[in-house]
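FYI, it's all coordinate maths here, none of it is from the lab. Source: prediction; values computed, not measured. Virtual Cβ from ideal backbone geometry, glycine too; neighbours counted across all protein chains shown.
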């Protein structure tokens, strides 16, 4: 399995670059990289500016589209992937657990498999089939910019919250680092 971590956000609510923000001994995205490496043969980043991420020891790809939305990050990953399926992770989820990623791989069914937690589909913790690239291009050509909007045009598998709680009872894996208040939650939960 190949994993592409989307690290191109603007960090407006955080106030500074949340992806490269140092939390303890590592930067935010390094926690995600380290966890992904435990379950994937290939780990890479999709970013806006390649140079800022060169020292992380993984392949780095710049978004192929100028709008640089999460959807364009997914498209970039699908286009550069070698294998038939791609794990997509958000780069701002430092508490993502290996066990959650293993469940994702075990439960994967084409064309897309995602988790649902707290009533929400987790679009940036999922596996997407490389075969979706053409459909995604067509969707974006019609002005589509929403991952959920794209997913609604497909049949996809949802892993229910109960299954996630078997390996992550408090759902800490889905904690996004969007604000400084979120940073406090992350610091409380880091091992």
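Please order 4, 150, 53, 61 by the number of other Cβ within 10 Å, starting at the fewest.
Values: 4 28, 150 21, 53 24, 61 17.
Going from sparsest to densest Cβ surroundings: 61, 150, 53, 4.
How much of the DSSP beta bridge set in the chain is antiparallel, as a percent to the nearest 5?
45 percent
Taking 8 Å as the Cα distance limit and 6 or more residues as the minimum spacing, I'd like the relative contact order of the chain as a percentage.
Here the relative contact order equals 25 percent.
Take every Cα pair under 8 Å in the range 78-191 that's 6+ residues apart, average their separations, divide by the length, and report that relative contact order as a whole percent.
The normalised contact order for the range 78-191 reaches 37 percent.
Ranked by Cβ crowding within 10 angstrom, fewest neighbours first, how are 155, 146, 173 ordered?
Arranged by neighbour count, lowest to highest, 155, 146, 173 become 155, 146, 173.
Mind sorting out which of (i) 75, 41, 34; (ii) 42, 40, 30; (iii) 59, 36, 35 is the real Cα extents along the principal axes in Å computed from the coordinates?
Looking at Cα extents along the principal axes in Å for this model, the match is (ii).
Taking neighbour counts of Cβ atoms within 10 Å as a proxy for exposure, in what order, fewest first, do 40, 3 appear?
Lowest to highest Cβ neighbour count: 40, 3.
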